[in-house]
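The block underneath contains the structure these notes are about, expressed in structure tokens.
The values are calculated or read from the model by the stated rules, or taken from the named source; none is laboratory data. Small disclaimer: the values here were computed from a predicted structure and weren't measured. Cβ atoms come from the backbone with ideal geometry, glycine included; neighbour counts cover every protein chain shown. Calculation scope for accessible area: heavy atoms of the full protein, side chains included, ligands and nucleic acids excluded. Shrake-Rupley method; radii C 1.70, N 1.55, O 1.52, S 1.80 Å.
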Amino acid sequence: MIKTMKETMPHPTLEDWLSTLKRLRSEFAIEPDNYETKSPTFKCGGWRVGIEHQRKFESVVIRWMGDFEKRPAPQRRWIPCPSSDREKKWEYRVYTRPEQLPTLLNELLSDLQTIEDINHELAERVAKAMSDTSHARQARLLDRSRRPLKIMVTATVFDRNPDVVAEVLYRSQGICEHCYQPAPFNRRSNGSPYLEVHHIVRLADGGDDTVENAVALCPNCHRKVHYA
């Protein structure tokens, strides 16, 4: 009788899961939840994940912990939990192993908002608040928690060349290359003039990360070229 690869692979252990979670914790913003049980749980992107020891550590159950209105759509391979698990508030079961965990984590994070989404949404909410009366705003402030909610986001950033930044700052000699005024203050860290390096053609629009495509700007001018 020929055994399948799945049948010949040894079952993962709790230690396999914990070491994988530790290795991926920073990359995927994993929050340890309860590692002191046979079935540890952790949080990622608004989801709580439970590792199932009773299924030989080859599956997890997940449930959404965030705002229900922002609940991402489930992935096709996620299996709805039976009523016995739903009574414990678990929503889906996913068959996976520690070495396959990055795939699951990417799925959990796939529908997160970007920083640009959050900023755009905030701008719209601010505009709506500005159109209201001060009395109405003050009333809402009295009923609102002082502590803001934390929101997980996804972000794509460019690995910028430090020599470009250094050379543009050196070229400026502490003078803003837009208004030609001295930098408004010096950096606390090293006493150098505080200017920000701005790409003339944005990197997001295909601009080059070069000295020729960059200027040193004071914070006020930097905001001006972006928003004015």
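Tabulated values for the structure
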| quantity | calculated |
| --- | --- |
| Residues of region 204-228 satisfying the condition of being β-branched (V, I, T), open to solvent by less than 40 Å² (accessible area, probe 1.4 Å) and part of a helix (DSSP H, G or I) | none |
| Check on K22, in a loop (DSSP other than H, G, I, E, B) and open to solvent by 20 Å² or more (accessible area, probe 1.4 Å) | no |
| Matching option when the condition is among the β-branched types (V, I, T), modelled with pLDDT of 85 or more and under 30 Å from F28 (Cα atoms), among V153, V197, V157, V168 | V197 |
| Top-ranked residue in region 78-107 [being closer than 22 Å to E31 by Cα and polar (S, T, N, Q); ranked as least open to solvent (accessible area, probe 1.4 Å)] | T96 |
| Test: residue in region 95-103 that is outside any helix (DSSP H, G or I) and touching a residue at least 60 places away in the same chain (Cβ under 8 Å) | yes |
| Pair list, Cβ under 9 Å, 6 or more apart: region 66-91 residue at positive phi, other residue of a type outside the set (A, V, I, L, M) and not in a loop (DSSP other than H, G, I, E, B) | K89/R48; K89/R63 |
| Region 176-200, residues that are in contact (Cβ under 8 Å) with a residue 12 or more places away in the chain and either part of a strand (DSSP E or B) or open to solvent by 90 Å² or more (accessible area, probe 1.4 Å) (or both) | Q181, P193, E196, V197, H198, H199, I200 |
| Check on R140, within 30 Å of I30 (Cβ to Cβ), outside any loop (DSSP other than H, G, I, E, B), at pLDDT below 90 and open to solvent by 70 Å² or more (accessible area, probe 1.4 Å) | no |
| Subset of region 156-175 [closer than 17 Å to L203 by Cβ, in a loop (DSSP other than H, G, I, E, B), of a type outside the set (S, T, Y) and open to solvent by 90 Å² or more (accessible area, probe 1.4 Å)] | V157, F158, D159, R160 |
| Every residue from region 177-209 that is touching a strand residue (DSSP E or B) at 6+ places or on another chain (Cβ under 9 Å) and among the hydroxyl-bearing types (S, T, Y) | S192, Y194 |
| Inter-residue pairs, beta-carbon under 8 Å, first under 22 Å from N106 (Cβ atoms) and in region 34-48, second among the polar types (S, T, N, Q) and modelled with pLDDT of 80 or more, 6+ apart | R48/T41 |
| Scope region 29-51; condition part of a loop (DSSP other than H, G, I, E, B), of a type outside the set (G, A, S) and crowded, with 18+ Cβ neighbours inside 10 Å; matching residues | I30, P40 |
